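> Structure incoming, see below.
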Amino acid sequence: MSLTLYGSPLSPFVRKTRVVLAEKGLDYTLDPVNVFAPPPEFLAISPLKRIPVLRDTSVGPDATLPDSSAICAYLEKKQPEPALYPDVPFDYARALWFEEYADSELASLFGTGVFRPVVVNILMGKGPDREAADKTMTEKLPRLFDYLNREIGDNAFFVGGRFSVADIAVATHFVNLAHAGYAPDEASYPGLRRFLTTIHGRPSFATLIADERKMLASLGIAYAL
């Protein structure tokens, strides 16, 4: 097997890459990395000290790529079908925009504001800081939910009427939100909730979510979606 993905299953960026690998039918090995205490050999291939990193030995023993967006773009070129990036220029740019929005805005607020004070605290043997997470949900996340609910509308997908990297990038962060016990209110954000139910139900997502839920259930962490 030529592909090795380094990272933690609970990382939304690792999950995003694993979904792309699954959708494209590419076999790979997941090599777990604790991002809070990465080994020196990992730091040598991840200049930003972040996960994931992909190694493709079919290119060469030292052929590694950091960053989920770079990796997903590479996988699209390596295995063009099924296409996860639109062909139409404007749709292609829109897909990249949603990926960037998810990987920056959603990742920052979901991660530091909700997932970290709840799930990471528990994983580190601390009590969950529900007050901090509730505050983020109440004060900071409604504008993100409003935007995504408006953009998805009655559509099944965010761009071009077909499943793409835009949908994967957005949906992966909501898995982490749900792991912390939170989800957008269905009455307030019906389009967004419908979208999440559909995308998270795809085999590429559902298999990973089920495995992660089992991992966290032993710690008393309940999934919200």
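Laboratory data are not the source of any read-out in this text; all were calculated from the coordinates shown. Quick caveat, the model's predicted, so the values are computed rather than measured. Backbone-built Cβ (ideal geometry, glycine too); neighbour counts: all protein chains shown.
> What 222 nm value per residue comes from the helices of the chain, counting each DSSP H run with n ≥ 4 as -39,500 (n - 2.57) and dividing by all residues, nearest 500 deg cm²/dmol?
-14000 deg cm²/dmol
> Here's another thing I want to ask about it. Using the Karplus curve 6.51 cos²θ - 1.76 cosθ + 1.60 with θ = phi - 60°, work out ³J(HN,Hα) for each residue of region 16-22 in order, rounded to whole Hz, and write x for Gly and Pro.
Here the 3J(HN,Hα) series is 4, 5, 5, 5, 4, 4, 5 Hz.
> Then there's this: Considering only the other residues whose Cβ falls under 12 Å of the Cβ of Ala166, what net charge follows from Lys and Arg at +1 and Asp and Glu at -1? Before the final figure, lay out the partial values.
Working: positive: Lys16, Arg94, Arg162; negative: Asp91, Glu99, Glu100, Asp103, Glu151, Asp167.
Surrounding charge for Ala166 is -3.
> Once amide H atoms are built 1.01 Å from N in the peptide plane, which residues 5 or more positions from Asp31, or in another chain, come under 5 Å H to H?
Answer set, sorted by chain and number: Leu5, Tyr6, Gly7.
> Between Phe36 and Ser218, take the C-beta separation as r, use R0 = 25 Å, and let me know the FRET efficiency to the nearest 0.05. Mind dumping the intermediate values first?
Details: r = 20 Å, r/R0 = 0.79.
It comes out at approximately 0.80.
> Computed FRET efficiency, Cβ-Cβ of Asp87 and Thr198, R0 30 Å: what is it to the nearest 0.05? Numbers along the way, then the final one.
Numbers: r = 23 Å, r/R0 = 0.76.
That pair, Asp87 with Thr198, gives E of 0.85.
> Net charge around Pro40, counting only other residues with Cβ within less than 15 Å of its Cβ (Lys, Arg = +1; Asp, Glu = -1)? Let's see the in-between values first.
Details: positive: Lys49; negative: Asp31, Glu41.
Value of the local net charge: -1.
> Which pairs break 28 Å Cα to Cα here: Lys49/Lys77; Lys49/Lys126; Lys16/Lys140; Lys24/Lys135; Lys77/Lys214?
Over 28 Å Cα-Cα: Lys24/Lys135; Lys77/Lys214.
> What are the radius of gyration and Dmax of the chain, computed over its Cα atoms and given in Å?
17.2, 51
> A further question on this structure: Using the Cα centre of the chain as origin and beta-carbon charges of +1 (Lys, Arg) and -1 (Asp, Glu), tell me which of Tyr182, Ile45, Gly153 is placed farthest towards the positive end of the dipole.
Tyr182
> Where Rh is the Kirkwood radius over the Cα pairs of region 3-78, the temperature 37 °C and the viscosity 0.692 mPa s, what D in µm²/s does Stokes-Einstein return?
Approximately 269 µm²/s, per Stokes-Einstein.
> Let me ask something additional. Mind listing the phi-derived Karplus ³J(HN,Hα) values for region 30-45, rounded to whole Hz, using 6.51, -1.76 and 1.60 with θ = phi - 60°, and x for any glycine or proline?
8, 9, x, 9, 7, 5, 7, 8, x, x, x, 5, 6, 4, 5, 10
> Still on this structure, I have one more. Charges only on Cβ, +1 for Lys and Arg, -1 for Asp and Glu: so what's the dipole of the chain about the Cα centre, in debye to the nearest 20?
So the dipole magnitude of the chain works out to roughly 380 debye.
> Loop-only chymotrypsin sites (Phe, Trp or Tyr not before Pro) in region 1-73, please: DSSP not H, G, I, E or B, and at most 11 other Cβ atoms within 10 Å.
Phe36
> Right, here's the next one. Give the longest segment of the chain that steers clear of trypsin sites (Lys or Arg not before Pro) in DSSP loops with at most 11 neighbouring Cβ atoms within 10 Å, not counting the sites themselves. Don't skip to the answer; put the middle values down first.
Details: sites that count: Lys49, Lys126.
Free of exposed loop sites, the longest segment is 127-225.
> Moving on to the next point. Over what distance in Å are the Cα centres of region 126-152 and region 16-77 separated?
29
> Here's something else I'd like to know. For Phe157, enumerate residues with amide H under 5 Å from its amide H, sequence gap 5+ or separate chain, H modeled in the peptide plane.
Hits under the 5 Å cutoff: none.
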